Each structure stands twice: as structure tokens, then as C-alpha cells.
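*Asks:* Sending over a structure as C-alpha cells; questions will come in a sec.
The values are calculated or read from the model by the stated rules, or taken from the named source; none is laboratory data. Keep in mind that this is a model prediction, so the values were computed, not measured. Glycine gets a Cβ as well: all are built from the backbone with ideal geometry, and neighbour counts include every protein chain shown. Ligands, DNA and RNA are stripped out before the accessible areas are found, and what is left, the full protein with its side chains, is counted by its heavy atoms. Shrake-Rupley method; radii C 1.70, N 1.55, O 1.52, S 1.80 Å.
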Amino acid sequence: MAEKAMNKAGAPETNGVPRHIAIILDGNGRWAKKRGLPRTAGHAVGSETFRKIATYCKDIGVEYLTVYAFSTENWNRPGDEVSAIMKLLGKYLHEAIDTMERDHIRMKVLGDVEGLPPQLQALVAKTDEISRRYEGFQANICLNYGGRDEIVRAARRYAADYAAGKADTLTEADFGNYLYSAGIPDPDLLIRPGGEQRISNFLLWQCAYAEFYFTDVLWPDFTPEELDKAIAEFNRRDRRYGKVKNP
Ligand code: IPE
Ligand code: IPE
Ligand code: MG
């Protein structure tokens, strides 16, 4: 990997490639509907798109890719859609375990894992175990994830540590260590395909200074070329972090 450069605002990146890209995987249902297919067909194609984009990110030198695959609010969808998504996630994780071993990819699930079906929990434990053996590109998959839920859980865990005398100060950095994303740098670029321009409870804490990129392309149609476009736009942005550019 090329040596780390600092961009003009001081954010870490490598040759214009954001260190951490986050993506809200949206538009699967509409993609399927347009073709007269059940929504679940869109989720199946969407999981293939994730596979392709994760490989592409690894190849161009992105260090972290974090995707939003199932939110704490998505349980409110019809039962058959939720079970189809859980089944697909199981299939995906199962296959990903082989890929991880072959390509030395780290994978981490962020979210309330205990709220997932037991088979999925076992697969998550297995991916964690494999990830511990490798270094390099890391894919984070947000499952049963909600930004507010993450913050509330972190606050509870901090309060418990405080009560037990295991914590006393509380800085932003300390609090970050109680989040699911502990140890992972904040996203530099957040991409939302599917045409909506909202954050839908994704990485509320971590996206404080992320650059947002929205596109109408539906997730199953998303390609490496689309990612290149988002990165090109990212490189035209001026990240000031509250400072003045030329004082
Ligand atoms: C994203 O696609 C996948 C999940 C939220 C699980 P959607 O299923 O939200 O697709 P649209 O937005 O209805 O097209
Ligand atoms: C956000 O998409 C959640 C995921 C992609 C997992 P949604 O489709 O659930 O979001 P809304 O309902 O359009 O805000
Ligand atoms: Mg949607």
C-alpha cells in the first residue's frame, strides 16, 4: 500500500482514496419492483454488489468499508421480508468465511448481535475469530444496528464501569471506546445510493465530519465506476473541520 499522505485539511488518506468509506445499502426493494420481482430478489442481488464493492475497495487501498445492511427499525418490515433477509445474511456470512480465509480480509459485525437469530450469532462469532488472525482491509457490516441504540448502549456501559470504579473521566475519545466502532477511525466518506438524502440512524456519532455523497443509482446497480465517481467528488471537497482555510 502507498505511503500515507495527509490531505489539505489534515485528514488521513492514501493517494486520494478515503481511508474509511461507509455505505447505506439502499434501493434493493425498488430495484426488484422495477423488474416485477419480489423485494427479496433485490436483496439477493444487493448482497452480490456488496461482495464486488468490498473487493474493489480492498484493491484500491481503502482500509475500512462499513455498510448498513439491517437497521434496528428494519424489524418493522413484513415478517417474510425480514426472514428472507436473515436467511440471505446467513448465506452471505457463511460464504464470506471462506473468502476471508483465502484473501485475509477482516470482517466485523457492528450492532446488537444478541438480537439476531442464533445461527447468525454463531457465524458472527466465527468471523470475529478469523478476523483476529489477520491485518489489513476490514469490512464492517452493520446488522441490527441503530445509531441511537449504539449511543444509549455505550452510555449504559460507561455508567456501569463508572459505578464499578473502572472509569472516572469521560472525554469524547473515552466515549468512542464504548461504541461498537471502538478502535475504528471515523468514516471519511458516507455514500447513500437509492435516491434518499437522509442518514436513517446510521453512524450518528461517527459521521460528525464525514463527507456525504448521495446518488439515485439503486444499490444493486452500484458499480466500481460509481464508487470512483463518489471518490472523485470526495476529492473536490474541502474538509475544514470548523477551521478557516487561509487565515
Ligand atoms: C436496503 O434496501 C436493504 C435494507 C434496508 C434491508 P431497501 O429494502 O430499503 O430497498 P428500498 O429502499 O425499499 O428500495
Ligand atoms: C436504511 O435504509 C437502512 C439500511 C439500508 C439497512 P431504509 O430503507 O431502512 O431507510 P428509510 O426507511 O428509507 O429511512
Ligand atoms: Mg430503503
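*Asks:* Quick check on segment 20-35. Is at least one of its residues over 15 Å from Glu225 (Cα atoms), in contact with a Phe, Trp or Tyr (Cβ under 6 Å, 6 or more places away or on another chain), more than 9 Å from ligand 1 (Cβ to nearest atom) and not polar (S, T, N, Q)?
*Replies:* For segment 20-35, residues over 15 Å from Glu225 (Cα atoms), in contact with a Phe, Trp or Tyr (Cβ under 6 Å, 6 or more places away or on another chain), more than 9 Å from ligand 1 (Cβ to nearest atom) and not polar (S, T, N, Q): present.
*Asks:* Please determine whether any residue of segment 144-166 is in contact with a helix residue (DSSP H, G or I) (Cβ under 8 Å, 6 or more places away or on another chain) and under 30 Å from Ile60 (Cα atoms).
*Replies:* yes
*Asks:* I need a count of the residues in segment 63-80 that are within 11 Å of ligand 2 (Cβ to nearest atom) and either open to solvent by less than 70 Å² (accessible area, probe 1.4 Å) or in contact with a strand residue (DSSP E or B) (Cβ under 9 Å, 6 or more places away or on another chain) (or both).
*Replies:* 8
*Asks:* Would you pick out the residues in segment 52-88 that are within 16 Å of ligand 3 (Cβ to nearest atom) and in contact with a Leu (Cβ under 7 Å, 6 or more places away or on another chain)?
*Replies:* Result: Val67, Tyr68, Ala69, Phe70.
*Asks:* Looking at (1) of a type in the set (Val, Ile, Thr); (2) over 30 Å from Ala41 (Cα atoms); (3) surrounded by 11 or more Cβ atoms within 10 Å (Cβ to Cβ), find the lone condition where Ile191 falls short.
*Replies:* (2)
*Asks:* Does any residue of segment 159-175 turn out to be touching a strand residue (DSSP E or B) at 6+ places or on another chain (Cβ under 8 Å) and surrounded by 15 or more Cβ atoms within 10 Å (Cβ to Cβ)?
*Replies:* No, segment 159-175 has no match at all.
*Asks:* Another question, if that's okay. Could we say that Gly27 is among the small types (Gly, Ala, Ser), open to solvent by less than 20 Å² (accessible area, probe 1.4 Å), at pLDDT 50 or above and in contact with a Pro (Cβ under 8 Å, 6 or more places away or on another chain) here?
*Replies:* It is true that Gly27 is among the small types (Gly, Ala, Ser), open to solvent by less than 20 Å² (accessible area, probe 1.4 Å), at pLDDT 50 or above and in contact with a Pro (Cβ under 8 Å, 6 or more places away or on another chain).
*Asks:* Being in contact with a strand residue (DSSP E or B) (Cβ under 8 Å, 6 or more places away or on another chain) and assigned to a helix (DSSP H, G or I) is the filter here, so list the residues in segment 97-149 that pass it.
*Replies:* Met100, Val113, Gly115, Leu120, Val124, Thr127, Asp128, Ile130, Ser131
*Asks:* Here is a further query. Within segment 150-182, which residues are part of a loop (DSSP other than H, G, I, E, B) and under 25 Å from His20 (Cα atoms)?
*Replies:* Scanning segment 150-182 gives Thr171, Asn177, Tyr178, Leu179, Tyr180, Ser181, Ala182.
*Asks:* Based on this model, can you work out whether Lys33 counts as at pLDDT 95 or above and either of a type in the set (D, E, K, R) or surrounded by 14 or more Cβ atoms within 10 Å (Cβ to Cβ) (or both)?
*Replies:* Yes; evaluated as a whole, the condition is true for this residue.
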